[in-house]
Amino acid sequence: MSAISEEAVRGGGVFREISADDEDLQPTEIDSLCMNCYQNGTTRLLLTKIPFFKEVIVGSFSCVHCGWSNTEIQSAGRIQDQGVRYTLQVRSKRDLNREVVKADCATARIPELDFEIPAFTQKGSLSTIEGLLDRAAAGLEQDQPVRRATDPGVAEKIDEFIQKLQKLKDLENEFTLEIEDPSGNSFVENPSAPQKDEALTVIRFKRTHQQDVQLGIKADDDEESDVEEEPHANDLDAMREEILAFKTNCPECNAPCSTNMKLVNIPHFKEVIIMATTCDACGHRTNEVKSGGATEEMGTRITLHLTDPSDMTRDVLKSETCSVAIPELDFEMGMGAVGGKFTTLEGLLKDIKDLIVSKNPFVCGDSSTADQVDKLKAFGDKLDTIIAGEIHIHMILDDPAGNSYLQNVYAPEPDPEMKIEKYTRTFEQNEELGLNDMKTEGYEDGS
């Protein structure tokens, strides 16, 4: 039986990526009670990391006496800043094979059947769409023998519904799968990566007070709206001169580290808060940007035509609500994918390459296919040629909150290669930004 060493805990090496070369990565085995025959079975716990899902605990139970077995997955990472909602139009067998990470706090719905799996009624799972349907059918079938004896009418209706669930796998008709996770720790595979997935819609949203209570972030007696006092002018002046530091945990290895925070004024734009984290245990470094002001009245779309290698040195502020698109590569990355960044265009493109190519969990190990690996490698090579200035492309930063910025190297004169558009947010964009009750000019609810 393997054990978790104190050195691993202190060094932050408890959660490691699965690798065939890592012989030390062994599951922890624990004797535990079998809930089927009430004799001793074995639970195996594997602490690992899956990109897009942070740290996870994969659990497997088996009983040698009765043969009963069970598997589950739990998120061991931090709760994300925003919740996430996936809406997938299931149209083909390929869609049924999409891999899905469903956290235990996520709600799954199939509107066509008026069917819902409420939050916290299932353990977290790493499966496929087909596996999700099979698990839902198995859950309904579990108590059917008792129902057939006590209430045959209800049992018959449930049997009919189970048949409808199973029939979805035949794809006689398209159906919709919705997964809503307030923790932001669920994920649905995009088999078309790095291109935009036309069948999948991803929306990130601000959690409600009730959802914060369910996740344990707030207590029941906390007030629903926290009223923050406006900082005094002297306090703001002091913050501009100081670098504030506070204790936190590394987002990669979860070891204790510190985050530095600084209020910075960007010329020709506004003030932002830059947060930088460095981990001494694993060497991970990251910076994150938060807007220092309120959401703008209108969204901003910035289009830059990259025509020279020097464009890679332009400063860029990408807020966490900003999406990135490269039309020439048929590529689009939604808001929140790489978080808020204050970097250069070269740095942003390298972050995109790391996220889409290097850290994509569905093109690694046994789950990968040669076509997927080759496709993403080709995409990474194209990004390298863009960074080297060998091909000219258009880069589009679309921020409905209006808090993103791209340096104008011709300032204060207009930039001939850059176009900045202001636009009125849609109802869906206001919902993503948590501005449901706010109105903008030319916008009405339900439009």
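One table, with the values for the structure above:
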{"read-out": "Candidate set: the range 252-269, residues that are part of a loop (DSSP other than H, G, I, E, B) and open to solvent by less than 40 Å² (accessible area, probe 1.4 Å); chosen: the one modelled with the highest pLDDT", "value": "255"}
{"read-out": "Residue that is surrounded by the fewest Cβ atoms within 10 Å (Cβ to Cβ) [pool: residues in the range 144-154 that are within 18 Å of residue 164 (Cα to Cα) and not hydrophobic (A, V, I, L, M, F, W, C)]", "value": "153"}
{"read-out": "Selected residue (only one of 272, 357, 338 is over 30 Å from residue 126 (Cβ atoms), modelled with pLDDT under 85 and either of a type in the set (Val, Ile, Thr) or not in a strand (DSSP E or B) (or both))", "value": "272"}
{"read-out": "Residues of the range 101-142 classified as touching a Pro at 6+ places or on another chain (Cβ under 7 Å) and either within 18 Å of residue 162 (Cα to Cα) or in a loop (DSSP other than H, G, I, E, B) (or both), total", "value": "1"}
{"read-out": "Conditions (1) assigned to a helix (DSSP H, G or I); (2) at pLDDT 90 or above; number of the one not met by residue 66", "value": "(1)"}
{"read-out": "Qualifying residue in the range 104-111 (condition: touching a Gly at 6+ places or on another chain (Cβ under 9 Å), among the basic types (Lys, Arg) and within 25 Å of residue 187 (Cβ to Cβ))", "value": "no"}
{"read-out": "Tally of residues being buried (at least 22 other Cβ atoms within 10 Å of the Cβ) and polar (S, T, N, Q) across the range 304-330", "value": "2"}
{"read-out": "Subset of the range 288-323 (residues that are in contact with a Lys or Arg (Cβ under 7 Å, 6 or more places away or on another chain), in a strand (DSSP E or B) and either free of Cβ contacts under 8 Å to residues at least 40 places away in the same chain or not basic (Lys, Arg) (or both))", "value": "289, 299, 300, 303"}
{"read-out": "Cβ-Cβ under 9 Å pairs, at least 6 apart or on other chains, the range 341-353 side buried (at least 20 other Cβ atoms within 10 Å of the Cβ), far side modelled with pLDDT of 90 or more and among the hydroxyl-bearing types (Ser, Thr, Tyr)", "value": "345/313"}
{"read-out": "Candidate set: the range 275-308, residues that are among the basic types (Lys, Arg) and over 20 Å from residue 417 (Cα atoms); chosen: the one modelled with the highest pLDDT", "value": "285"}
{"read-out": "Top-ranked residue in the range 202-217 [being among the charged types (D, E, K, R) and at pLDDT below 85; ranked as farthest from the chain's Cα centre (by Cα)]", "value": "206"}
{"read-out": "Only one of 109, 91, 85 that is within 26 Å of the chain's Cα centre (by Cα), modelled with pLDDT of 85 or more and open to solvent by 90 Å² or more (accessible area, probe 1.4 Å)", "value": "91"}
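Each row is one residue, and each column tells you yes or no for (1) without any contact (Cβ under 8 Å) to a residue 12 or more places away in the chain; (2) part of a loop (DSSP other than H, G, I, E, B); (3) touching a strand residue (DSSP E or B) at 6+ places or on another chain (Cβ under 8 Å).
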| site | (1), (2), (3) |
| --- | --- |
| 385 | yes, no, no |
| 389 | no, yes, yes |
| 395 | no, no, yes |
| 398 | no, no, yes |
| 403 | no, yes, yes |
| 410 | yes, yes, no |
| 413 | yes, yes, no |
| 416 | yes, yes, no |
| 420 | no, no, yes |
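The values are calculated or read from the model by the stated rules, or taken from the named source; none is laboratory data. Please read all numbers here as calculations on a predicted model, not as lab measurements. Note that we place each Cβ from the backbone using ideal geometry, even for glycine, and neighbour counts take in every protein chain shown. We work out accessible area using only protein heavy atoms, side chains counted, and drop any ligands, DNA or RNA first. Shrake-Rupley method; radii C 1.70, N 1.55, O 1.52, S 1.80 Å.
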